[in-house]
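K.L.:
The structure follows.
Nothing in this text is a laboratory measurement; each read-out follows from the coordinates by a stated rule. Values in this document were obtained by computation on a predicted structure and should not be read as measured data. Note: ideal-geometry Cβ built from the backbone for every residue, glycine included; neighbour counts use all protein chains shown.
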Amino acid sequence: MKIENLLKYQEVDGQLKKLVSEINQSEESVKGKKLGAFLKESEEKIKKMDKRADELNALIQKLKENYQQSTQKFAELEEGVEQAIDKDELNYVAKKLAELTKTIASIEKDLANAIKEMGDIAKRYDDLRAKVPSAKAQYKECRAKFDQRKKEQEPQISALKQQLAELEKDIDSKMMEAYQKVRGQNIYPVVVPLVGNNCGGCRMDLSIGAVGKIESQGYAVCENCHRFIYKK
């Protein structure tokens, strides 16, 4: 049966899958991925902090300018109080002084908040910068160990790939294409036995037609998960 050749292919494919999985799930691989993610995240955080620091610097400069202008205007208005010639003018100047007092207080508050945020950014920036060199060194070490482990397993991986290439020659091209399509979805095994009248993979009930195909041609394709189903 055609399915027998595919079963042999799947057996070797499983050996390759297991070997690659062991390499990718090794301590150095897992730790290296975490460190790599940390370094990437740190780089993005540093860029954001640099951008925000530039924005805050510009804001602080603008607030200082506004503060200087407002205090200067306040001083001018105070002189106006002494020079007021009647009650109406005095009330007007007093009103403007009150408004300006609120403006100055608002500027002082915004300036204090901006300076505080700048200090917080500087602290987080320094903390992150202190951790990055160590993380880079550990990442480099993990990467070297991972590459060495992969290199040691390369002959076995190549042998299995070669075996798969040889087995593929005896498999119908359309069947192989269908197998690889399912396999590409990280589904394994792709070829499963019939269990009662159910797919041995997803456990879905098979139609009478599908069961008939298994009897007549040795296999059927599950309508749900697209695995190959055969009868033991």
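K.L.:
Under 17 Å from the Cα of LYS151, which lysines turn up, not counting those fewer than eight places away in the same chain?
P.N.:
LYS17, LYS18, LYS140, LYS161
K.L.:
Given contacts defined as C-alpha pairs under 8 Å and at least six residues apart, what's the relative contact order of the chain, whole-number percent?
P.N.:
28
K.L.:
Expressed as an acute angle from 0 to 90° and rounded to the nearest 10, what is the orientation of the C-alpha long axis of helix 27-83 relative to the principal long axis of the chain?
P.N.:
20
K.L.:
Considering amide H positions built from the backbone, and no H for Pro or chain starts, which residues 5 or more places from VAL191, or on another chain, come under 5 Å of its amide H?
P.N.:
PHE228
K.L.:
Considering the options ALA159, GLN185, GLN148, tell which one lies farthest towards the positive end of the dipole of the range 107-223, charges being +1 on Lys and Arg and -1 on Asp and Glu at the Cβ, about the Cα centre.
P.N.:
GLN148
K.L.:
Still on this structure: Just checking the chain: which Cys have no other cysteine's beta-carbon under 4.7 Å?
P.N.:
Lacking a cysteine Cβ partner under 4.7 Å: CYS142.
K.L.:
Which angle between 0 and 90 degrees, to the nearest 10, do you get for helix 87-168 versus the longest principal axis of the chain when only C-alpha atoms count?
P.N.:
20
K.L.:
Given H placed on each backbone N at 1.01 Å, which residues far from GLY200 in sequence or on other chains put an amide H within less than 5 Å of it?
P.N.:
Sorted by chain and number, the residues that satisfy this are VAL195.
K.L.:
Expressed as a whole number of Å, what is the distance separating the alpha-carbon centroids of the range 170-204 and the range 109-141?
P.N.:
Cα centres, the range 109-141 to the range 170-204: 51 Å.
K.L.:
May I ask for the Kirkwood hydrodynamic radius of the range 20-169, worked out over all distinct Cα pairs and given in angstroms to one decimal?
P.N.:
Numbers: mean 1/r = 0.0466 Å⁻¹.
Taking every pair of different Cα atoms in the range 20-169, averaging 1/r and inverting gives 21.5 Å.
K.L.:
Quick one: which of LYS47/LYS109; LYS47/LYS116; LYS31/LYS123 span more than 30 angstrom between C-alpha atoms?
P.N.:
Numbers: LYS47/LYS109 27 Å; LYS47/LYS116 19 Å; LYS31/LYS123 27 Å.
Table pairs above 30 Å Cα-Cα: there are none.
K.L.:
To test your reading of the geometry: what angle, between 0 and 90 degrees and rounded to tens, separates the Cα axis of helix 208-217 from the longest principal axis of the chain?
P.N.:
With rounding to tens, the tilt is 50 degrees.
K.L.:
Also, I was wondering about something else. Need one number: % antiparallel among DSSP beta bridges in the chain, to the nearest 5.
P.N.:
On the way: 6 of 9 bridges.
DSSP beta bridges in the chain are roughly 65 percent antiparallel.
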